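Student: Starting off with a structure, shown below.
The values are calculated or read from the model by the stated rules, or taken from the named source; none is laboratory data. Computed from a predicted model, the values in this text were never measured in an experiment. Here Cβ is always computed from backbone atoms with ideal geometry, including for glycine, and neighbour counts include all displayed protein chains. Just so you know, the surface numbers come from the protein's heavy atoms only, side chains and all, with ligands and any DNA or RNA stripped out. Shrake-Rupley method; radii C 1.70, N 1.55, O 1.52, S 1.80 Å.
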Amino acid sequence: MADYEIFDLGDIVLQCKATLRDAKLTLNAKKDNVIVYPTWYSGQHYENEWLVGNGMALDPSKYFIIIPNLFGNGLSTSPSNTPAPWNGPRFPNVTAYDNVRQQHRLVTEKFGIEKVKLVTGWSMGALQTYHWGALYPDMVERILPFQGSAKCSRHNFVFLEGAKAALQADAAFNNGWYEKPPYKGLRAFGRVYAGWGFSQTFYRVKADIEKMGYASLEDFLVGFWEGLFLARDANNLLTMLWTWQNGDVSNNELFHGDLPKALGAIKAKAIVMPASTDLYFPPEDNAIEVKHMPNAELRIVDTYWGHFAGGPGTSPDDITVLDKALKELLAS
């Protein structure tokens, strides 16, 4: 029995002017006051649940928690589950704006919700969190984006180009028309990621061995990084990668590329939480964003876990810091 529901969106026109036909969002929902907690790059709703639990800030006995799955993640409409001719590499480009507009339909049309107490998310979930705040400022009361940004930086874009090139270099990828998974490319994709997801200090103190229980660095590279992406569909990864690279809270008809205007539109009380050693989303990027947000605080998490300070549940100490900040924000 599936632990999620499907919300039928019908045919929707994306920002790229392609139509996503018979589109569907999947969600995981629990009850009380409303919290929206979008998924991250390649993650599915169950991989968000490490931050949900009795006694935690996101307590399902106190809050109605909605976890919408990102387009392209294999559960919501994706290259891997779309019928021809829009399947595989013909799947249209989907933006974070497209995702959040349809999530808003889910929240309002399915549940009849008018106010959202909190939106929060890690990485690409943070990108969606910024969009919720900017696009629906009178609806969203609080936001806490962690280890993410409102716009993909040029440096971040370049990192993703390297990972994408490694995946596509596998001959089995066949321009996206693969007959079986391009395993060499997926493994290479994971190894490129390995140099970015955790910090230099993480590797220096051998946290992969001492904290995560791997026998050696090679054991970690194979078991954690290759294993993470071997479980994913290549075209799905590339769809979400395009969404990430083109993430920009201001790139829409409301803000016309004016990033300070988009950030200034966020009325929600905000705590923005970068990790001190995040190689994807350095705190400097968030500091620039917070300057334009009228009700925001920058709170840097001091950690050597890099981007993975925020998930999926790998660093217990950093989870405690994040959970405390969420409790504080929800109580304010």
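Student: For the list (1) under 18 Å from the mean Cα position of the chain (by Cα); (2) open to solvent by 20 Å² or more (accessible area, probe 1.4 Å); (3) touching a residue at least 60 places away in the same chain (Cβ under 8 Å), I need the number of the one condition that L259 fails.
Tutor: Unmet condition: (1).
Student: Can you tell me which residue in segment 110-127 is modelled with the lowest pLDDT, limited to those that are surrounded by fewer than 22 Cβ atoms within 10 Å (Cβ to Cβ) and within 22 Å of A57 (Cβ to Cβ)? Write out each step before concluding.
Tutor: Keep residues of segment 110-127 that are surrounded by fewer than 22 Cβ atoms within 10 Å (Cβ to Cβ), which gives 110-115, 117.
Imposing the further condition that a residue be within 22 Å of A57 (Cβ to Cβ) reduces the set to 111, 113, 115, 117.
Values: F111: 88, I113: 91, K115: 94, K117: 96.
If we take residues in segment 110-127 being surrounded by fewer than 22 Cβ atoms within 10 Å (Cβ to Cβ) and within 22 Å of A57 (Cβ to Cβ), then F111 is modelled with the lowest pLDDT.
Student: Another question about this same structure. Taking segment 275-332 on its own, how many of its residues are outside any helix (DSSP H, G or I) and free of Cβ contacts under 8 Å to residues at least 12 places away in the same chain? Spell out the reasoning first.
Tutor: Taking segment 275-332 and keeping what is outside any helix (DSSP H, G or I), we get 275-282, 292-305, 311-315, 332.
With free of Cβ contacts under 8 Å to residues at least 12 places away in the same chain added as a condition, the list becomes 282.
Of the residues in segment 275-332, 1 are outside any helix (DSSP H, G or I) and free of Cβ contacts under 8 Å to residues at least 12 places away in the same chain.
Student: So, in segment 184-223, how many residues would count as being open to solvent by less than 60 Å² (accessible area, probe 1.4 Å), closer than 21 Å to E161 by Cα and in a helix (DSSP H, G or I)?
Tutor: Total meeting the criteria: 11.
Student: Still on this structure, I have one more. Tally up the residues in segment 60-109 that are small (G, A, S), free of Cβ contacts under 8 Å to residues at least 60 places away in the same chain and surrounded by 21 or more Cβ atoms within 10 Å (Cβ to Cβ), please.
Tutor: At the first step, the residues of segment 60-109 found to be small (G, A, S) are 61, 72, 74, 76, 78, 80, 84, 88, 96.
Still in the running and free of Cβ contacts under 8 Å to residues at least 60 places away in the same chain: 61, 76, 84.
Now drop any that are not surrounded by 21 or more Cβ atoms within 10 Å (Cβ to Cβ), which leaves 76.
Going through segment 60-109 one residue at a time, the tally reaches 1.
Student: Next question, about the same structure. Any residue at all in segment 161-180 that is in contact (Cβ under 8 Å) with a residue 24 or more places away in the chain, touching an Asp or Glu at 6+ places or on another chain (Cβ under 8 Å) and outside any helix (DSSP H, G or I)?
Tutor: Among the residues of segment 161-180, not one is in contact (Cβ under 8 Å) with a residue 24 or more places away in the chain, touching an Asp or Glu at 6+ places or on another chain (Cβ under 8 Å) and outside any helix (DSSP H, G or I), which makes the answer no.
Student: Anything in segment 62-78 that is part of a loop (DSSP other than H, G, I, E, B) and farther than 19 Å from I319 by Cβ? List them, or say none.
Tutor: Taking segment 62-78 as the starting set, the residues that turn out to be part of a loop (DSSP other than H, G, I, E, B) are 62, 69-78.
Answer for segment 62-78, where residues must be part of a loop (DSSP other than H, G, I, E, B) and farther than 19 Å from I319 by Cβ: N69, L70, F71, G72, N73, G74, L75, S76, T77, S78.
Student: Suppose we keep only residues that are in contact with a strand residue (DSSP E or B) (Cβ under 7 Å, 6 or more places away or on another chain) and in a loop (DSSP other than H, G, I, E, B) within segment 38-61. Which one would you say is nearest to R101 (Cα to Cα)?
Tutor: Residues of segment 38-61 in contact with a strand residue (DSSP E or B) (Cβ under 7 Å, 6 or more places away or on another chain): 38-40, 45, 48, 51-52, 58, 60.
Narrowing further to those that are in a loop (DSSP other than H, G, I, E, B): 38-40, 60.
Values: P38: 13, T39: 15, W40: 17, P60: 25 Å.
For segment 38-61, the residue satisfying everything is P38.
Student: Over 16 Å from V249 (Cβ atoms), open to solvent by less than 10 Å² (accessible area, probe 1.4 Å) and modelled with pLDDT under 95: which single residue out of N48, N33 fits that description? If you could, list the steps in order and put the result at the bottom.
Tutor: On the way: N33 fails: open to solvent by less than 10 Å² (accessible area, probe 1.4 Å).
Answer to the check: N48.
Student: Conditions: (1) outside any helix (DSSP H, G or I); (2) surrounded by 16 or more Cβ atoms within 10 Å (Cβ to Cβ). N236 meets all but one. Number of the miss?
Tutor: It is condition (1) that N236 fails.
Student: In addition: Any residue that is open to solvent by less than 30 Å² (accessible area, probe 1.4 Å), within 18 Å of W196 (Cα to Cα) and not hydroxyl-bearing (S, T, Y) - is there at least one of those in segment 291-304?
Tutor: yes
Student: Hey, G264 hits all of (1) surrounded by 21 or more Cβ atoms within 10 Å (Cβ to Cβ); (2) more than 17 Å from the chain's Cα centre (by Cα) but one; which does it fall short on?
Tutor: (1)
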